[in-house]
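This report concerns only the one structure given below.
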Amino acid sequence: MTLLTELTVAGIRDGHRAGDFTAVEVAEAFSASVAGARALNAFILETPDHALAAARQADADRAAGTLKPLSAVPIGIKDLFATKGVQTTAASHILEGFVPPYESSVSQKLWDAGAGMLGKLNMDQFAMGSSNETSYFGNVLSPWRSADGSNAALAPGGSSGGSASAVAARLCPAATGTDTGGSIRQPAAFVGISGIKPTYGRCSRWGIVAFASSLDQAGSMARDVRDCAVMLGVMAGHDAKDATSLNLPVPDWEGALNADMRGKKVGIPREYRLDGIDADIAAMWDKGAKMLTDAGAEIVDISLPHTKYALPAYYIIAPAEASSNLARYDGVRYGLRDLSDGAGLQDMPAGEGLQAMYAATRAAGFGAEVKRRIMIGTYVLSAGFYDAYYTQAQKIRTLIARDFADAFSRCDVILTPTAPSAAFALGERSADPLAMYLNDVFAVPASLAGLPAMSVPAALSADGLPLGLQIIGKAFDEQGVLNAGLALEQRAGFNARAEKWW
Amino acid sequence: MSVDNATVSKIAKLARIAMDEGEVAALVPELNNILAWVDQLAEVDVTGVEPMTAVIPNKMVLRADVVDADPLTGGNRRDDILSNAPAPQHGFFGVPKVIE
């Protein structure tokens, strides 16, 4: 029999239903993998008891004939989702030890569907990063090693780096992620798994630690397109507690999966063919277009003229929203409190001690990248600069959304590379914030326009590292994205995996 | 546009993040690099373009004006609310002195 940890979400669900194994066996197998892979540092907290309790319930439900959509499936939860009674840190020092007395809407839906939790996954601090090097709890390592012989530890991408590493290393069959400007898609591409960010508003943001509220969106990460559809189908849905949540029925994405692309048009945006584009990436992109042609689609050349302005606009809008959202961390109601040096706060003039406590708490509690973004956000929102930066960026966001609307009058989905390169070594780019930001050059435009987009593993680089293709769809058309993803998956036949060294 | 040490100190103060002179000095070139890069946005003609307010058009809804309509986000949860407070005192958040 296949190792249980080799099974996909659908494979576990169906095998358990058929009585091939028990849910307890599945939970124990994955928990053992998690415990045996601490070298990857993918988890901030392991919760084998939670997974086991859900598994026992799943086995009982099977006996009683009351199985649920994710019965017997243990998953990983990015540590940005508040989990009741279980530490939730956003990989930050300022929230270290924070134990929410409530459950995020998305994770609640997963538990209601019968899933169990293997643990809280490491990530970039407050989801700010593209390499998982900004976590207070240390870097996550990719399970992959380059074939160039260097043996350097590679970045799993970010910010959902723990989710990516854990799924790729078979520590969990699927994980939740969140995507603000590529944080599901880029790590999925770096480790050779699939990941989908749905239309903005599909998944409730209630109980997800906020980074940039107009961009943040939860999504699923798994080994194949079907599993992404299964997970997303459970995670999505209207929630009265999130005013931006879409009040639309959730389609049966898994049931409607169809890789037949006949009659579909696939747009190839010419502006994404950057000067000096990596040769492996360009070749994979061309190959992807051929795969979709083979699936019956017609390829059309499209233009997204404001593409080059998406990333700089994002680096105004996202930090602006972050500086506002992160103002809540002040050492008063939860999280870290740092009383500044000198003590004797009660002896200071009234009010000064409080101000000093805020500043000291935030200095001690936030990492360098988080501080950098709060500073940029505070600056662009400050008096005299608001119109020049923030209003201008929001106008450009309108133009970017308009570019997509125009393009979608000529095509059904858009095909691009997910990231401009394969995974890089940890430490290789962390000294230069701008170089790091450029990782998300292909991912950010769809985020700014609120569109569904997914990454599917498509090929290996010359150094034997995974490369991903991105499908961007029309608003609300997750089905079109998943279907094109499935057509790519079937033709790419990507079955490479990291050799176990951890 | 670019920033100097004094501006960065002022932003840090606005952002309520304590920073010493060394940290401020280190941030100046980093922020200037980023600002120089985002300055390219100024070249885009945005005449007649409205700033984005909602990425997916969505109608704002109001809930019924009922006390504790949703028990999870309603009132009477003092102990839950204080459960993560760093210095709860007598059922309140403890903070350094605010008024004389």
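A short reminder: the numbers here are calculations on the coordinates, not readings from a lab. Here the structure is a predicted model, which is why all the values come from computation and not from measurement. Cβ placement follows ideal geometry from the backbone for every residue including glycine, while neighbour counts extend to all protein chains displayed.
Distance from the C-alpha centroid of the stretch A:218-232 to that of the stretch A:67-140: 16 Å, rounded to the whole angstrom. What separates the Cα centres of the stretch B:29-100 and the stretch A:445-502 is a distance of 33 Å. Secondary-structure-derived ellipticity at 222 nm for chain A, considering helices only, amounts to -11000 deg cm²/dmol, per-run term -39500 (n - 2.57) for DSSP H runs with n ≥ 4. Using the alpha-carbon positions of the stretch A:162-296, Rg (one decimal) and Dmax (whole number) come out as 16.5, 47 Å.
Axis of helix B:5-14 versus longest Cα principal axis of chain B: the two differ by about 20°, to the nearest ten degrees. When the Cα positions of A:ALA35, A:GLY367, A:THR244 are compared along the charge dipole of the protein assembly as shown, A:THR244 comes out farthest toward the positive end, with charges on each C-beta of Lys, Arg, Asp and Glu.
With the convex hull of the Cα atoms taken as the outline of the stretch A:1-95, the averaged projected area works out to 6.8 nm². Computed from the C-beta positions of B:ILE81 and B:ASN32 and an R0 of 45 Å, the FRET efficiency is 0.60 to the nearest 0.05. Here chain B is treated as an ellipsoid with the same Cα gyration tensor; its semi-axes, largest first and in whole Å, are 40, 30, 10.
Per-residue Karplus couplings for the stretch A:436-449, computed as 6.51 cos²θ - 1.76 cosθ + 1.60 with θ equal to phi - 60°, are listed in order as 5, 4, 5, 4, 9, 4, 8, 8, 5, x, 5, 5, 4, 8 Hz, Gly and Pro entered as x.
Taking every residue in B:27-34 and counting other chain Cβ atoms within 10 Å of its Cβ, the average works out to 4.
Say R0 is 22 Å: what FRET efficiency, to the nearest 0.05, do B:GLU21 and A:ALA431 get from their beta-carbon distance? Taking R0 as 22 Å, the efficiency between B:GLU21 and A:ALA431 is 0.55.
Ranked by the mean number of other Cβ atoms within 10 Å of their residues, highest first, the peptides A:276-286, A:229-239, A:328-338 come out as A:229-239, A:328-338, A:276-286.
Mean per-residue shielding of peptide A:360-371 is 3, counting Cβ atoms of other chains within 10 Å of each Cβ. Peptides A:177-186, A:198-207 ranked from most to least packed give A:177-186, A:198-207, packing being the mean of other C-beta atoms within 10 angstrom over each peptide's residues.
Highest-first packing order for the peptide set A:51-57, B:60-66, B:6-12 is A:51-57, B:6-12, B:60-66, based on the mean count of other beta carbon atoms within 10 Å.
For A:GLY331, what charge total do you get from the other residues with a beta carbon under 11 Å from its beta carbon, if Lys and Arg give +1 and Asp and Glu give -1? With Lys, Arg at +1 and Asp, Glu at -1, the neighbours total +3. Look at the stretch B:76-85: the mean tally of other chain Cβ atoms within 10 Å of its residues' Cβ atoms is 3. Here the Kirkwood formula, the inverse mean of 1/r across different C-alpha pairs, assigns the protein assembly as shown a hydrodynamic radius of 24.5 Å. Computed from backbone phi, the HN-Hα couplings of the stretch B:77-89 come to 10, 3, 5, 4, 5, 7, 5, 10, 5, x, 8, x, 9 Hz, rounded to whole numbers (Karplus: 6.51 cos²θ - 1.76 cosθ + 1.60, θ = phi - 60°; Gly and Pro given as x). Just to verify a number: FRET efficiency for A:VAL300 and A:GLU499, C-beta to C-beta distance, R0 = 41 Å, to 0.05? The calculated FRET efficiency here is 0.55.
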